[in-house]
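A short worksheet on the structure shown next.
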Amino acid sequence: MLRTAIILGCFSLAASGCGPVLYVVNLSGAQHAVEEARQSGAPQRATYEYHFALEHLRKAQEFAGTAEYQDAVDMASVAEEYGNRARDIAQGRDHAAPR
């Protein structure tokens, strides 16, 4: 019984450390997507998508600052998606359905 409790305790500690790792991975992708969009001219050519991505990136960083890693991961994921959309629109590669 004690052994099971120790194993479960160790698993819980290991699992709790995954939040920051997942956040860092997602943040990196989101930052890259937003930067590519900016360099492609998205602030002028895909204003909505670019600023939507940028604000989600900022919110992800805010959530991470308060150790709300799941929310940070979610926000970073949206930032990456919209950063990529903004880049594609700015480069004239948008073939998606209208918003």
* Asked: Given the residues F52, F63, which is the only one that is farther than 18 Å from N84 by Cα and not polar (S, T, N, Q)?
  -> F63
* Structure fact -> Residues of region 27-43 being over 14 Å from R58 (Cα atoms) and among the aliphatic types (A, V, I, L, M), in sequence order, are A37, A42
* Structure fact -> Per the list (1) assigned to a helix (DSSP H, G or I); (2) over 11 Å from the mean Cα position of the chain (by Cα), residue check on A67 breaks on (1)
* Asked: What residue, of E80, E68, is surrounded by 17 or more Cβ atoms within 10 Å (Cβ to Cβ) and out of contact with any Leu (no Cβ under 6 Å at 6 or more places or on another chain)?
  -> E80
* To do: May I ask you to list the residues in region 33-54 that are surrounded by 14 or more Cβ atoms within 10 Å (Cβ to Cβ), part of a helix (DSSP H, G or I) and in contact (Cβ under 8 Å) with a residue 12 or more places away in the chain?
  => A33, V34, E36, A37, R38, A42, R45, E49, Y50, F52, A53, L54
* To do: Among what's in region 1-32 and is of a type in the set (S, T, N, Q) and at pLDDT below 95, pick the residue that is surrounded by the most Cβ atoms within 10 Å (Cβ to Cβ).
  => N26
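The values are calculated or read from the model by the stated rules, or taken from the named source; none is laboratory data. Note that the structure is predicted; figures quoted are calculated from it, not measured. Positions of Cβ are backbone-derived with ideal geometry, glycine not excepted, and every protein chain shown enters the neighbour counts.
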